[in-house]
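Presented below is the structure to which this report refers.
The values are calculated or read from the model by the stated rules, or taken from the named source; none is laboratory data. Keep in mind that this is a model prediction, so the values were computed, not measured. All Cβ positions, glycine included, derive from the backbone under ideal geometry; neighbour counts span all protein chains shown.
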Amino acid sequence: MLSRVIKNLFKIPIVIIRETISITEVRHICLEQMDYDSYWNKRNVSTILPRYKIFADLINRKSKVLDIECGDGTCLWYLKAEKDIEGEGLDISREAVTRCVKKGIRVNIADVSSSTFKIDKKYDYIIISEVLEHIAYLEDLMRKVKGHFNKLVLVSIPNIGYYKHRIRMMFGRFPIKWAFHPAEHLRFWTVKDFIWWAKEIGFEVIDIRPYNGVPFVYKLMPNLFCHQIVFFLKNIQSEPDK
C-alpha cells in the first residue's frame, strides 16, 4: 500500500509538466450556438458520477428532492434506487426531459434563468449540480430557492482555482471550461470565493466534499488540488430584532 502511495505521489509533478506542455491545446467548437437540445443530442448515455454518491450518502431515505436542471435524470434515478426518494426534476431541454421520462422520472420543462421562473413546492433537499456556472444572473435563482427547502441545498461546481487552470493562466491562456461551446460556462469560483459568495446572498456553507482531483492531496488542499466540489448550503438565520 505504501509503495502505491509513493508511486502516485511521484506522478504528480509528471502530470503538472504534461499540463504545462499541453497549454496550447485547442478544443473544437461542436455547436454553432449554445443550444441545450443540440447539446443533449450530442451527449452519450450518462454514467453514475462520484457526486451522485456524495448526494446519496447525505440524503435521508424517502426524502423529497428537487434537481434543478436535472439533465437526463440519471442523478434522480440513482437516488431513487439508493434512497427511495420522491424526486422531481426541472430542465430547459426537451431532449433531456424526454430521456428523464424514459427513466420514469417526474420532470417538467423550465428555464430557471427566466425572470418568471418560480418554485411552487417545498422540498427536503434541492440539488443544483454543475448548473450555477451556466447561468448569468444566478443570484435571482438562488433567491427563489430560499424558503423552498427544509434541510439543505446541495451545490456542485467546478473549481477555477484548480492547479491545472492556474498553470494555463500563468502561461497566458484562460482555463478551458467548456465541452461543446465556449458559452457553456459564464460564472467562475474558487472554493474560497464560493463560500464568500454564498454568504453574500444569504446562505451558509456548512460543509464541503471535494472530489475529482489530485490523488491523496485534493481533500487536504481542495482550493488548489480539487477539480470539482460539492457544497452543503443552508439558509442564514436572520437575527431577531432587539
*Is it true that some residue in region 173-185 is modelled with pLDDT under 95 and of a type in the set (Asp, Glu)?*
yes
_Identity of the residue in region 182-226, part of a helix (DSSP H, G or I) and among the basic types (Lys, Arg), that ends up farthest from residue 113 (Cα to Cα)_ = 192
_Positions within region 42-51 being in contact (Cβ under 8 Å) with a residue 60 or more places away in the chain and either touching a helix residue (DSSP H, G or I) at 6+ places or on another chain (Cβ under 8 Å) or buried (at least 19 other Cβ atoms within 10 Å of the Cβ) (or both), in sequence order_ = 51
_Taking the conditions exactly as written (part of a strand (DSSP E or B) and in contact (Cβ under 8 Å) with a residue 24 or more places away in the chain), does residue 234 satisfy them or not?_
yes
*Sort out which residues of region 59-91 are surrounded by fewer than 17 Cβ atoms within 10 Å (Cβ to Cβ) and either out of contact with any Asp or Glu (no Cβ under 6 Å at 6 or more places or on another chain) or closer than 20 Å to residue 145 by Cβ (or both), and write them in order of number.*
60, 81, 82, 84, 86
